[in-house]
1. Might you let me know whether region A:97-106 holds any residue that is at pLDDT below 90, in contact with a Leu (Cβ under 6 Å, 6 or more places away or on another chain) and under 30 Å from B:His10 (Cα atoms)?
2. I'm checking my understanding of the structure. Among residues of region A:67-99 that are within 11 Å of the chain's Cα centre (by Cα) and in a loop (DSSP other than H, G, I, E, B), which one is surrounded by the most Cβ atoms within 10 Å (Cβ to Cβ)?
3. Just to verify a result, which residue in region B:62-96, among those that are of a type outside the set (Val, Ile, Thr) and in a loop (DSSP other than H, G, I, E, B), is nearest to the other protein chains (Cβ to nearest Cβ)?
4. How do the pairs read when you match residues in region B:33-50 that are over 14 Å from B:Asp85 (Cα atoms) and at the interface with chain A (Cβ under 8 Å from one of its Cβ atoms) with residues anywhere that are of a type in the set (Phe, Trp, Tyr) and buried (at least 21 other Cβ atoms within 10 Å of the Cβ), using Cβ under 7 Å and keeping only pairs 6 or more apart or on different chains?
5. Just a yes or no: is a residue in region A:22-41 surrounded by fewer than 18 Cβ atoms within 10 Å (Cβ to Cβ), among the hydroxyl-bearing types (Ser, Thr, Tyr), touching a Phe, Trp or Tyr at 6+ places or on another chain (Cβ under 6 Å) and within 12 Å of chain B (Cβ to nearest Cβ)?
6. Just give me the residues in region B:14-47 being farther than 14 Å from B:Leu108 by Cα and in contact with a helix residue (DSSP H, G or I) (Cβ under 7 Å, 6 or more places away or on another chain), in sequence order.
7. Is there a residue being under 16 Å from B:Asn98 (Cα atoms) and modelled with pLDDT under 95 anywhere in region A:60-76?
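The values are calculated or read from the model by the stated rules, or taken from the named source; none is laboratory data. These numbers were taken from a predicted model, which means no experiment stands behind them. Cβ: placed from backbone, ideal geometry, glycine included. Neighbour counts: every protein chain shown.
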Amino acid sequence: DTGVSQNPRHKITKRGQNVTFRCDPISEHNRLYWYRQTLGQGPEFLTYFQNEAQLEKSRLLSDRFSAERPKGSFSTLEIQRTEQGDSAMYLCASSLVGQGGNEQYFGPGTRLTVT
Amino acid sequence: AQSVTQLDSHVSVSEGTPVLLRCNYSSSYSPSLFWYVQHPNKGLQLLLKYTSAATLVKGINGFEAEFKKSETSFHLTKPSAHMSDAAEYFCVWAGGGNKLTFGTGTQLKVEL
């Protein structure tokens with residue numbers, strides 16, 4: 001069990017550019033979640049997958065955001081035409097449905113800075 | 001709407017003294033509640049969870065929390081603070097699909 005990993009750890013981009021982040025969950029976990037955390041705030045839910053199916057999206061997830069989990073393993077989060085307001089820490093978490101309290105394990109996050 | 005409220009944004013204690021971080025929840029049914037800790041430049045780590053099996057929940061690093069339905073509270077405590085406990089603590093509610101709703105966080109400072 002190597003934990004949840006995220007890449008890159010930091011990304012600086014110019015406004016209007018597209019960015020893509022990757023999350024590799026704990027290998028046997030079937031659920032994968034994306035959250036966003038801005039400075040001084042708690043993380044906010046964006047979307048989650050069970051296996052390859054995207055089951056819910058927050059209204060925070062505008063149409064510039066898209067997430068995929070094509071084979072039910074790793075996931076990508078893409079932001080198109082980035083805006084300064086997208087600057088935040090993007091967190092990924094995974095869990096195994098049916099295991100005790102379904103606790104989520106978080107990765108270290110990708111910090112996005114839009115200039 | 002179901003949510004959690006952390007009553008203190010900052011708490012400061014001396015090393016060796018008790019820690020109390022307060023959290024109230026709002027839910028029409030018995031919730032799943034968690035406490036997570038976030039150290040600077042590190043990922044969120046689960047401290048403990050409440051899932052209705054027992055009202056007093058013990059977690060890692062000597063932390064525990066008591067679920068009190070009559071007070072709609074889930075306060076986090078530790079008998080004796082250590083310098084390494086300095087971090088941000090989040091009270092968290094798990095909703096449908098187990099998506100988590102985080103409180104605004106409490107920054108714990110531990111002084112010598």
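1. yes
2. Among residues in region A:67-99 that are within 11 Å of the chain's Cα centre (by Cα) and in a loop (DSSP other than H, G, I, E, B), the one surrounded by the most Cβ atoms within 10 Å (Cβ to Cβ) is A:Arg69.
3. B:Gly95
4. Short answer, once both residue conditions are applied: B:Gly43/A:Phe106; B:Lys49/B:Phe34.
5. no
6. Passing the criteria: only B:Leu47.
7. Scanning region A:60-76, I find no residue that is under 16 Å from B:Asn98 (Cα atoms) and modelled with pLDDT under 95, so the answer is no.
For every residue, the table says whether it meets (1) touching an Asp or Glu at 6+ places or on another chain (Cβ under 7 Å); (2) modelled with pLDDT under 90; (3) part of a loop (DSSP other than H, G, I, E, B); (4) closer than 24 Å to A:Arg36 by Cβ.
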{"position": "B:Val4", "(1), (2), (3), (4)": "no, no, no, yes"}
{"position": "B:Ser12", "(1), (2), (3), (4)": "yes, no, no, no"}
{"position": "B:Thr17", "(1), (2), (3), (4)": "no, no, yes, no"}
{"position": "B:Leu20", "(1), (2), (3), (4)": "no, no, no, no"}
{"position": "B:Asn24", "(1), (2), (3), (4)": "no, no, no, no"}
{"position": "B:Ser28", "(1), (2), (3), (4)": "no, yes, yes, no"}
{"position": "B:Tyr36", "(1), (2), (3), (4)": "no, no, no, yes"}
{"position": "B:Ala54", "(1), (2), (3), (4)": "no, yes, yes, no"}
